[in-house]
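Participant: The structure that follows is given in the form of structure tokens.
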Amino acid sequence: MYKHLIMRPILLIAILLLTTTAYSQTEYAYETFDDTRIVNGHSVETNMEGVLTFIISHRFGTLNLGAYEVWGLDNATMRMGLDYGITGNLMVGIGRSTFEKTADGYLKYRLLAQSSGDRTVPVTLTLLGTTALKTLRRFDGIDLTLQQKLSYTSQVLISRKFSPRFSAQIMPTYLHRNLVEDDEQNDIFSLGFAGQYQLSKNWSLSMEYYATPGSDLPDGSGPSPEYSQSMALGVQIDTKGHVFQLHFGNSRGMIEKFFVAETSGKWQDGDIHFGFNITRDFTVKGRRVR
Amino acid sequence: MKKHLIIFGTLLILSMAMIPAGFQTTLDATTPIATLLFDLGEPKPEHLIENPSAEEILRGEEIVKLGRTMAPDGSQSSYVSKYYTCTSCHNVVREDPDLTVVDQDARLDYAMTNNIAYLQGSTFWGMVNRETWYNDDYVLKYGDLVRKAEKSLEESVHLCATVCAQGRPLEDWEMQSVLAYFWSLQMKIGDLNLSDSEKKQLAGTTLTDAEKIALIKSEYLQKSPATFVDPPDNKRKGYPYEGDPKLGKGIYELGCQHCHRPEGESDVVFDNSNLTYKWLKRHIPDNSELSIYEIIRKGTYAEYGHKEYMPHYTQEKMSDQQLEHLRAFIEHPEDAN
């Protein structure tokens, strides 16, 4: 009875909004990036309401392994994940990486959408919170507590679509790892930069770079290997319901903890991993008409 | 007593003289055509909903426009389709200035003037006044499924919901609500382009009821003709017509972008950038769905797991000439301004 009283006005408002949309003078930027991921990290994009995305990603060994390892193709790590749009602005996701047997989950919310006209907003702003659980057993036999296995990342993703061809994004990032080696930092602040250039309707180039301060990364003199800043270049092919992303980068891991703070490869040494992300969308429920 | 009888008789005669014959009392612009036809003896159709309540009509409107509504028990109904609403392909307003003919150019002009979507499906406005649906060549696409649908509006709605929209069958109360909403969109006398002499004929006694029914029906099409046509043999050359980019822009904005909009029914967004125009132009000669000729003339088939469904435009919904208008706009969008 009461639900009826509440829902009916909502539906009426929806019809009204639908009817008046044609007269709205606000134009929102769309497809600032082709996908919810740029290379390793997230873009400002979120799934549409009711859309479930299966995402499978591979990162192969480094190109400098040579022909015997087929330039790294013999040696792959993989992440499989599911992303779901709860609303047009709120999405959740889970995934599992073979790299360090890591499970992860995230929550992402688009707070602002770039728009022009009656309502002008210069950027799209999306908040991201992720959690990763490392389940790889230690070789020294020490059993870690659940808390010690966890790490967290918070990101503010700020992007602008400058033209139909070019979009850019910055990603202030805070990473916290509960357990680190002696020469690592528990808390790391990093600033990410990303861009996408549309070559044609469904082909685009992308780049992603995380400027993690060198002082926060081990230099190889301690128990940890030497870590570098993460950088990747890629090409994307967007087809109906699928996005194919092919890229080269010096990070092996596909979640924030790895590529922000634990990138062991160096571009100048040829430690470049070929990799790809492939997504497939499934509409699992209806959605409000926009 | 006698005096009273004379007065009463006089008043009776006067009143009878003042009352026009039969339905003439209700022959005004707001009179529903169906009411007039029923008064004249036309059989009532199976899809008739007599005296629908405002609540039923509202429920029907929400199902048609939003895909779901509040059920009579107060619960939220599920979406009829995960992918589409009825208004993805159908308007709910008048589309043609002249209801007696198929005139694509007049329809496009009317759509551009009134900012009405230019769609593949027939408008729900006046849908209940028609006698057949899924007419003519639709049997080529849907086979025997059309046989029941062409004679029944309910079956047509069912076919649309379950096959085209890849959704679920409507529950009885939903079907009743949708039909109630359709009846709220029925044609009225004022919608017909009746001449003064025709109005007099309808109001007078010179025509029989059957002739009056025929006259009324001659003022609008009882069906929506559907002719399937092929893409041109040579897609580089196209159809043998000169295109007008200004009219093509109208088709692009009111037709293509109705679904190919951001967060619209289709994943493929057609914006107003050169990236999109070039992409469409490059694929014009293709023998695939990427060619505007192929997709507009053949559409796609709904498939389980959702291959994006696009109904094709019949000849009546988009003429060959109009397709060349669209092509001209895609190739030279700058000429539309």
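The values are calculated or read from the model by the stated rules, or taken from the named source; none is laboratory data. It should be emphasised that the depicted structure is a prediction, and the values quoted were computed from it without experimental measurement. Cβ atoms come from the backbone with ideal geometry, glycine included; neighbour counts cover every protein chain shown.
Participant: Being in contact (Cβ under 8 Å) with a residue 12 or more places away in the chain, away from every other protein chain (no Cβ under 14 Å) and small (Gly, Ala, Ser) narrows it down to one of B:Ala302, B:Ala328, so name that one.
Facilitator: Numbers: B:Ala302 fails: away from every other protein chain (no Cβ under 14 Å).
Selected residue: B:Ala328, the only one of B:Ala302, B:Ala328 that is in contact (Cβ under 8 Å) with a residue 12 or more places away in the chain, away from every other protein chain (no Cβ under 14 Å) and small (Gly, Ala, Ser).
Participant: Could you give every pair whose Cβ atoms fall below 7 Å, whose first residue belongs to segment A:157-183 and is within 14 Å of chain B (Cβ to nearest Cβ), and whose second residue is of a type in the set (D, E, K, R) and in a strand (DSSP E or B), counting only separations of at least 6 or pairs across chains?
Facilitator: Every condition considered, the pairs that remain are A:Ser167/A:Arg160; A:Ser167/A:Lys161.
Okay, residues lined up against (1) within 30 Å of A:Phe162 (Cα to Cα); (2) modelled with pLDDT under 95; (3) loosely packed, with under 14 Cβ neighbours inside 10 Å:
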| site | (1), (2), (3) |
| --- | --- |
| A:Asn178 | no, no, no |
| A:Ser190 | yes, no, no |
| A:Gln198 | yes, no, no |
| A:Thr212 | yes, no, no |
| A:Ser224 | no, yes, no |
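Participant: Please find, among B:Ala165, B:Ala149, B:Ala111, the residue that is over 29 Å from B:Ser53 (Cβ atoms) and touching a Phe, Trp or Tyr at 6+ places or on another chain (Cβ under 6 Å).
Facilitator: One residue alone meets the criteria, B:Ala111.
Participant: Can you tell me how many residues in segment B:288-311 are part of a loop (DSSP other than H, G, I, E, B) and either of a type in the set (A, V, I, L, M, F, W, C) or at pLDDT 95 or above (or both)?
Facilitator: Residues flagged as part of a loop (DSSP other than H, G, I, E, B) and either of a type in the set (A, V, I, L, M, F, W, C) or at pLDDT 95 or above (or both) within segment B:288-311 amount to 4.
Participant: Also: Restricting to segment B:104-135, name every residue that is small (Gly, Ala, Ser), farther than 21 Å from B:Leu179 by Cα and crowded, with 17+ Cβ neighbours inside 10 Å.
Facilitator: If the condition is that a residue be small (Gly, Ala, Ser), farther than 21 Å from B:Leu179 by Cα and crowded, with 17+ Cβ neighbours inside 10 Å, then B:Ala111, B:Ala117 are the ones that fit.
Participant: So which residues in segment A:86-105 are under 30 Å from A:Thr26 (Cβ atoms) and touching a residue at least 60 places away in the same chain (Cβ under 8 Å), if there are any at all? Outline the logic, then answer.
Facilitator: Pass one, segment A:86-105, residues under 30 Å from A:Thr26 (Cβ atoms): A:86-93.
The one that is under 30 Å from A:Thr26 (Cβ atoms) and touching a residue at least 60 places away in the same chain (Cβ under 8 Å): A:Gly88.
Participant: Another question about this same structure. Hey, any hits in segment B:275-297 for a residue that's surrounded by fewer than 18 Cβ atoms within 10 Å (Cβ to Cβ) and more than 14 Å from chain A (Cβ to nearest Cβ)?
Facilitator: Yes, segment B:275-297 has at least one match.
Participant: Find all pairs meeting these conditions: Cβ atoms under 9 angstrom apart; at least six residues apart or on different chains; first residue within segment A:18-45 and among the basic types (Lys, Arg); second residue modelled with pLDDT of 80 or more and assigned to a loop (DSSP other than H, G, I, E, B).
Facilitator: Between residues of segment A:18-45 that are among the basic types (Lys, Arg) and residues that are modelled with pLDDT of 80 or more and assigned to a loop (DSSP other than H, G, I, E, B), the close pairs are A:Arg37/A:Ser43; A:Arg37/A:Glu45; A:Arg37/A:Met254.
Participant: Output the helices (runs of 4 or more DSSP H) that fall wholly within segment B:54-153 and possess 3 or more residues being free of Cβ contacts under 8 Å to residues at least 60 places away in the same chain and within 14 Å of chain A (Cβ to nearest Cβ), or say none. Walk me through how you get there before you give the answer.
Facilitator: On the way: elements: B:54-66, B:104-114, B:138-142, B:145-149.
Output list reads B:54-66.
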